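Q: After the structure tokens below, expect a handful of questions from me.
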Amino acid sequence: MLKLSFGDRVMHVTIYILLALLAFTTFYPFWNAVVISLNSGMDTAQGGITFWPRSFTFENYGVVLNDSRLVNSFFISILRTVVGTFASIMVTAIFAYGISKKELMGRKFYMVLCIITMYFSGGLIPSYLLIRELGLMNSFWVFIIPSLVSVWNMIIFRTFFLGLPAGLEESAKMDGCGSWGIFFRIVLPLSGPVVATLALFTAVYHWNDWFLPSIYITNEQLLPIQTMLKQILNSNIMSEQMSQLDSAAQGQMAKMRSVTTKSLSMATMVVATLPIIMVYPFVQKYFVKGVLVGSLKE
């Protein structure tokens, strides 16, 4: 083993300390939110809650899980994330596969049009008017249709498709396979790392988005968990929360005087964040290959 000099050891220790501080500053806010969500709200109001609950309780989660509004919004978020991610990845991949074909007439012109949309948009008011004219207001499909195609994801898909050996498609055509068969049976299975990485990024977008529903959705039954969480965070008094809870939760809230707006918001935030965090370990191994594929060949 190569013996390190004193300067190298100092450098290694310094790097480890800096990385530890960076990890701490990144992880601590979430950990503190978990601690507050597990602590009595009235006790939290006194301050001083840092690393461990001072008055441990599950009452905050009891209120969240017994509120029919929050349970419904959680289901809407799951449905939007699953449907939106699958539809966006499929449509974007099909579009990119077509753009990657050199025999496509005007493909460079189409690429220029797509890239322009990455830098320029009509703005919020024209987008709102367009959504209204399309009849997507207060519709679940307003979450899906406007985000079907991601130009950035399309460019990554296209670059990956250009790097595939041309002999694969030629052999498939000789065996009588058509364009759709080549795409679904050969190209898409080979695109596993890219699909997994871009699917995760798309899923995170759908799960975390609160702005779009706040503009286009007024029906409370269609609000996702993040928009509902924002409403809770914007609430300044507990009576507003109690007036919006269903009758069963109101009875429970009457017995749980230790629950406050802050403790309730922290519990809701933890419930809204955990599902998408739990997905990361399953696709982490695809990150390096999937994200860097766009820089391999053009």
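Q: Does the chain classify as rounded, prolate or oblate by the C-alpha gyration tensor (a ≥ b ≥ c root eigenvalues; a/c under 1.5 gives rounded; else a/b over b/c gives prolate, otherwise oblate)?
A: oblate
Q: If one computes the Cα centroid of the range 137-176 and of the range 34-65, what distance in Å separates the two points?
A: For the range 137-176 versus the range 34-65, the Cα centre distance is 46 Å.
Q: Now for a different question. With every protein chain left in place, what is the accessible area of residue 177 in Å² (1.4 Å probe, nearest 10)?
A: Result for residue 177: roughly 30 Å² accessible.
Q: Which ³J(HN,Hα) values, rounded to whole Hz and listed in residue order, are derived for the range 73-80 from phi using the Karplus coefficients 6.51, -1.76 and 1.60 in 6.51 cos²θ - 1.76 cosθ + 1.60 with θ = phi - 60°, glycine and proline given as x?
A: Values, residue by residue: 5, 5, 5, 4, 5, 4, 4, 5 Hz.
Q: A further question on this structure: Let me spell out the model: positive unit charges on the Cβ of Lys and Arg, negative unit charges on the Cβ of Asp and Glu, origin at the Cα centre of the chain. What dipole size does that give, in debye rounded to 20?
A: Here the size comes out at about 580 debye.
Q: If you build a Gaussian network model of the chain, linking Cα atoms that sit under 10 Å apart, which residue out of 265, 88, 214 swings the most?
A: Residue with maximal mean-square fluctuation among 265, 88, 214: 214.
Q: Need one value: the accessible area of residue 209 in square angstrom, 1.4 angstrom probe, rounded to the nearest 10.
A: Counting only protein heavy atoms, residue 209 exposes about 20 Å² to solvent.
Q: A further question on this structure: Roughly how many Å² of residue 15 are accessible to a 1.4 Å probe, to the nearest 10?
A: Ignoring ligands and nucleic acids, residue 15 comes out at about 80 Å².
Q: Quick check: residue separation of residue 3 and residue 118 times 0.36 nm, minus the Cα distance between them. What number comes out in nm? Display every interim value, and only then the final one.
A: Numbers: separation 115, 0.36 × 115 = 41.40 nm, distance 5.11 nm.
Taking residue 3 through residue 118 to full extension adds about 36.3 nm, to one decimal.
Q: Determine the order of 195, 187 by accessible area, beginning with the largest, at a probe radius of 1.4 Å.
A: 195, 187
Q: Of 112, 148, 201, which is farthest along the charge dipole of the chain in the positive direction, counting Lys and Arg as +1 and Asp and Glu as -1 at C-beta?
A: 112
Q: Then there's this: Subtracting the Cα-Cα distance from 0.36 nm times the residue separation, let me have the gained length for residue 42 to residue 78 in nm, one decimal.
A: 9.8 nm
Q: Quick one: length gained pulling residue 51 to residue 125 fully straight, 0.36 nm per residue minus the C-alpha distance?
A: 22.2 nm
Q: Sticking with this structure for a sec: Counting only heavy atoms of the protein chains, get the accessible area per residue of the range 45-168 (1.4 Å probe) and round it to a whole Å² value.
A: Result: 57 Å² per residue.
Q: Please work out the C-alpha center-to-center distance from the range 7-31 to the range 68-128 and express it in whole Å.
A: Their Cα centres are 38 Å away from one another.
Q: Summing -39500 (n - 2.57) over the DSSP H runs of n ≥ 4 in the chain and dividing by its residue number, what mean residue ellipticity at 222 nm do you reach, to the nearest 500 deg cm²/dmol?
A: Taking each H run of at least 4 residues, the total per residue is -21000 deg cm²/dmol.
Q: From the phi angles alone, apply the Karplus equation (6.51, -1.76, 1.60; θ = phi - 60°) to the range 265-274 and give each ³J(HN,Hα) in whole Hz, x where the residue is Gly or Pro.
A: Per-residue couplings from phi come out as 5, 5, 5, 5, 5, 5, 4, 7, 9, 4 Hz.
Q: Next question, about the same structure. What residues have an amide H closer than 5 Å to that of residue 39, excluding those fewer than 5 places away on the same chain, when H is modeled at 1.01 Å from N in the peptide plane?
A: Result for residue 39 returns 57.
Q: Show me, for the range 24-34, the HN-Hα J-couplings you get by feeding each phi into the Karplus relation (A = 6.51, B = -1.76, C = 1.60, θ = phi - 60°), rounded to Hz, glycine and proline as x.
A: Going residue by residue, I get 5, 5, 7, 8, 4, x, 5, 4, 5, 5, 5 Hz, with x marking Gly and Pro.
Q: Before anything else, pin down the relative contact order of the range 103-241: Cα pairs under 8 Å, at least 6 apart, normalised by residue count, whole percent.
A: The value is 26 percent.
Q: Provide 278, 269, 111 ordered by accessible surface of protein heavy atoms (probe 1.4 Å), highest first. Numbers along the way, then the final one.
A: Working: 278 120, 269 55, 111 25 Å².
Ranked list, largest accessible area first: 278, 269, 111.
Q: With a 10 Å cut-off between alpha carbons and a GNM built on the chain, which of 264, 18, 168 moves the most?
A: Sorting by GNM fluctuation, first place goes to 18.
Q: While we're here: Could you work out how far apart the two model spin labels at residue 211 and residue 133 are, taking each label as a point 7 Å from the Cα in the direction of the beta carbon, and quote it in nm?
A: About 2.3 nm separates the two model spin labels.
Q: In what sequence, largest accessible area first, do 121, 127 appear using a 1.4 Å probe?
A: The ordering from most to least exposed comes out as 121, 127.
Q: Moving on. Would you mind computing, in nm to one decimal, how far apart the modelled labels at residue 180 and residue 230 are, each placed 7 Å from Cα along Cα→Cβ?
A: 3.9
Q: Under 10 Å, Cα contacts only: if you run a Gaussian network model on the chain, which one of 19, 129, 200 comes out with the highest mean-square fluctuation?
A: Comparing 19, 129, 200 in the GNM, the peak value goes to 19.
The values are calculated or read from the model by the stated rules, or taken from the named source; none is laboratory data. All figures in this text were calculated on a predicted structure; none of them were measured in a lab. Ideal geometry is used to build each Cβ from the backbone, glycine not excepted, and the neighbour counts take in all protein chains shown. These accessible areas exclude ligands, DNA and RNA; they are computed on the full protein's heavy atoms, side chains included. Shrake-Rupley method; radii C 1.70, N 1.55, O 1.52, S 1.80 Å.
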